[in-house]
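What follows is one structure encoded as C-alpha coordinates, with my remarks underneath.
The values are calculated or read from the model by the stated rules, or taken from the named source; none is laboratory data. What you see is a predicted model, and the numbers here were worked out from it, not measured in a lab. All Cβ positions, glycine included, derive from the backbone under ideal geometry; neighbour counts span all protein chains shown. Keep in mind that these areas ignore ligands, DNA and RNA; they rest on the heavy atoms of the full protein, side chains included. Shrake-Rupley method; radii C 1.70, N 1.55, O 1.52, S 1.80 Å.
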Amino acid sequence: QVQPVESGGGLVQAGGSLRLSCAASGSIFGINDMAWYRQAPGKQRELVASIRSGGITNYADSAKGRFTISRDNAKNTLYLQMNSLKPEDTAVYSCWYWDRGSDYWGRGTQVTVSS
(Lines give C-alpha, C1' and ligand atoms only; values in the text may rest on other atoms or scores of the structure.)
Protein backbone atom coordinates (compact mmCIF):
# COMPACT_ATOMS: atom_id res chain seq x y z
CA GLN A 1 0.00 0.00 0.00
CA VAL A 2 1.01 3.56 -0.69
CA GLN A 3 -0.80 6.81 0.05
CA PRO A 4 -4.47 6.63 -0.92
CA VAL A 5 -5.96 9.30 -3.17
CA GLU A 6 -9.19 11.14 -2.44
CA SER A 7 -11.44 12.78 -5.00
CA GLY A 8 -14.91 14.25 -5.27
CA GLY A 9 -14.56 17.40 -3.23
CA GLY A 10 -15.62 20.80 -4.45
CA LEU A 11 -17.83 23.80 -3.92
CA VAL A 12 -21.50 23.18 -3.26
CA GLN A 13 -24.42 25.21 -1.94
CA ALA A 14 -25.96 24.46 1.40
CA GLY A 15 -28.41 21.58 1.06
CA GLY A 16 -26.45 20.02 -1.76
CA SER A 17 -24.64 16.69 -1.98
CA LEU A 18 -21.18 15.39 -2.73
CA ARG A 19 -19.71 11.91 -2.98
CA LEU A 20 -16.13 11.51 -1.91
CA SER A 21 -13.98 8.60 -3.06
CA CYS A 22 -10.75 7.24 -1.66
CA ALA A 23 -8.80 4.98 -3.96
CA ALA A 24 -6.35 2.61 -2.32
CA SER A 25 -3.27 1.46 -4.19
CA GLY A 26 -3.80 -2.17 -3.30
CA SER A 27 -6.47 -4.55 -2.10
CA ILE A 28 -8.60 -3.41 0.81
CA PHE A 29 -10.18 -6.82 1.22
CA GLY A 30 -8.19 -7.61 4.35
CA ILE A 31 -8.32 -4.15 5.88
CA ASN A 32 -10.54 -4.09 8.91
CA ASP A 33 -10.88 -0.41 9.73
CA MET A 34 -11.30 2.46 7.30
CA ALA A 35 -12.49 5.97 8.03
CA TRP A 36 -13.05 9.52 6.87
CA TYR A 37 -11.71 12.43 8.88
CA ARG A 38 -12.03 16.15 8.33
CA GLN A 39 -10.20 19.25 9.44
CA ALA A 40 -11.64 22.73 9.24
CA PRO A 41 -9.43 25.84 9.38
CA GLY A 42 -8.30 26.52 12.93
CA LYS A 43 -9.83 23.31 14.24
CA GLN A 44 -8.53 19.89 15.17
CA ARG A 45 -9.00 16.94 12.87
CA GLU A 46 -12.14 14.99 13.72
CA LEU A 47 -13.54 11.59 12.83
CA VAL A 48 -16.51 11.82 10.51
CA ALA A 49 -17.32 8.15 9.91
CA SER A 50 -15.73 4.73 10.06
CA ILE A 51 -16.47 1.30 8.64
CA ARG A 52 -15.22 -2.16 9.48
CA SER A 53 -14.74 -5.04 7.07
CA GLY A 54 -18.00 -6.61 8.25
CA GLY A 55 -19.88 -3.46 7.36
CA ILE A 56 -20.30 -2.05 10.86
CA THR A 57 -20.37 1.74 10.63
CA ASN A 58 -19.94 4.55 13.09
CA TYR A 59 -20.71 8.24 12.62
CA ALA A 60 -19.98 11.49 14.38
CA ASP A 61 -23.13 13.07 15.72
CA SER A 62 -22.75 15.85 13.16
CA ALA A 63 -22.83 13.30 10.32
CA LYS A 64 -25.61 11.00 11.47
CA GLY A 65 -28.58 10.95 9.14
CA ARG A 66 -26.79 12.96 6.46
CA PHE A 67 -23.59 11.07 5.57
CA THR A 68 -23.12 7.45 4.53
CA ILE A 69 -19.79 5.65 4.51
CA SER A 70 -19.33 2.60 2.33
CA ARG A 71 -16.59 0.50 0.80
CA ASP A 72 -16.25 -1.49 -2.39
CA ASN A 73 -13.61 -4.15 -1.89
CA ALA A 74 -13.71 -5.12 -5.57
CA LYS A 75 -12.76 -1.57 -6.55
CA ASN A 76 -10.43 -0.99 -3.59
CA THR A 77 -12.35 2.19 -2.85
CA LEU A 78 -13.85 3.87 0.19
CA TYR A 79 -16.75 6.29 -0.24
CA LEU A 80 -18.48 9.03 1.71
CA GLN A 81 -21.88 10.14 0.46
CA MET A 82 -22.71 13.52 1.95
CA ASN A 83 -26.23 14.92 1.71
CA SER A 84 -27.90 18.01 3.13
CA LEU A 85 -24.54 19.73 3.39
CA LYS A 86 -24.14 22.68 5.72
CA PRO A 87 -21.57 25.51 5.76
CA GLU A 88 -20.10 23.98 8.91
CA ASP A 89 -19.20 20.88 6.89
CA THR A 90 -16.55 22.95 5.10
CA ALA A 91 -13.20 21.23 5.66
CA VAL A 92 -10.49 19.12 4.11
CA TYR A 93 -11.68 15.52 4.12
CA SER A 94 -9.11 12.75 4.34
CA CYS A 95 -9.41 9.01 4.27
CA TRP A 96 -7.51 6.71 6.62
CA TYR A 97 -6.92 3.03 7.02
CA TRP A 98 -4.61 0.75 8.91
CA ASP A 99 -2.99 -2.15 7.10
CA ARG A 100 -0.44 -4.61 8.43
CA GLY A 101 1.00 -2.34 11.05
CA SER A 102 0.98 0.93 9.15
CA ASP A 103 -1.32 3.94 9.00
CA TYR A 104 -2.25 5.28 5.58
CA TRP A 105 -3.55 8.81 5.12
CA GLY A 106 -4.60 10.51 1.94
CA ARG A 107 -3.70 14.13 1.22
CA GLY A 108 -7.30 15.15 1.44
CA THR A 109 -9.92 16.78 -0.72
CA GLN A 110 -11.42 20.20 -0.04
CA VAL A 111 -15.15 20.47 0.56
CA THR A 112 -16.58 23.98 0.66
CA VAL A 113 -20.25 24.58 1.40
CA SER A 114 -21.62 28.04 0.69
CA SER A 115 -24.61 29.48 2.50
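In whole percent, and with a 1.4 Å probe on the protein chains, what portion of the accessible area of the range 16-57 is carbon and sulfur?
46 percent
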(request) For the chain, report the accessible area per residue in Å² (1.4 Å probe, heavy atoms, rounded to an integer). (result) 54 Å²
(message) Test of understanding: extend the Cα→C-beta vector of S7 to 7 Å, then name every residue of the range 91-115 with backbone N under 20 Å from that spot.
(response) 92-97, 105-112
(request) Report, for the range 15-115, the % of DSSP beta bridges that are antiparallel, rounded to 5. (result) 100 percent
(message) Using Cα-Cα distances under 8 Å and only pairs 6 or more residues apart, what relative contact order does the chain have, in percent?
(response) 36 percent
(message) Under 5 Å between amide hydrogens, which residues at least 5 positions from F67 or on another chain qualify, with H placed 1.01 Å from N in the peptide plane?
(response) N83
(message) Place a point 7 Å from the Cα of N73 along the Cα-to-Cβ direction; which residues of the range 89-112 have their backbone N under 16 Å from it?
(response) 98-100
(request) Run the 1.4 Å probe and let me know the accessible area of D103, rounded to the nearest 10 Å². (result) 90 Å²
(request) Stick to Cα atoms and the Kirkwood definition of Rh, then tell me Rg/Rh for the range 1-68. (result) 0.97
(message) Given bins 10 angstrom wide, list per bin the percent of all Cα-Cα distances in the chain, short to long.
(response) 15, 51, 29, 6, 0
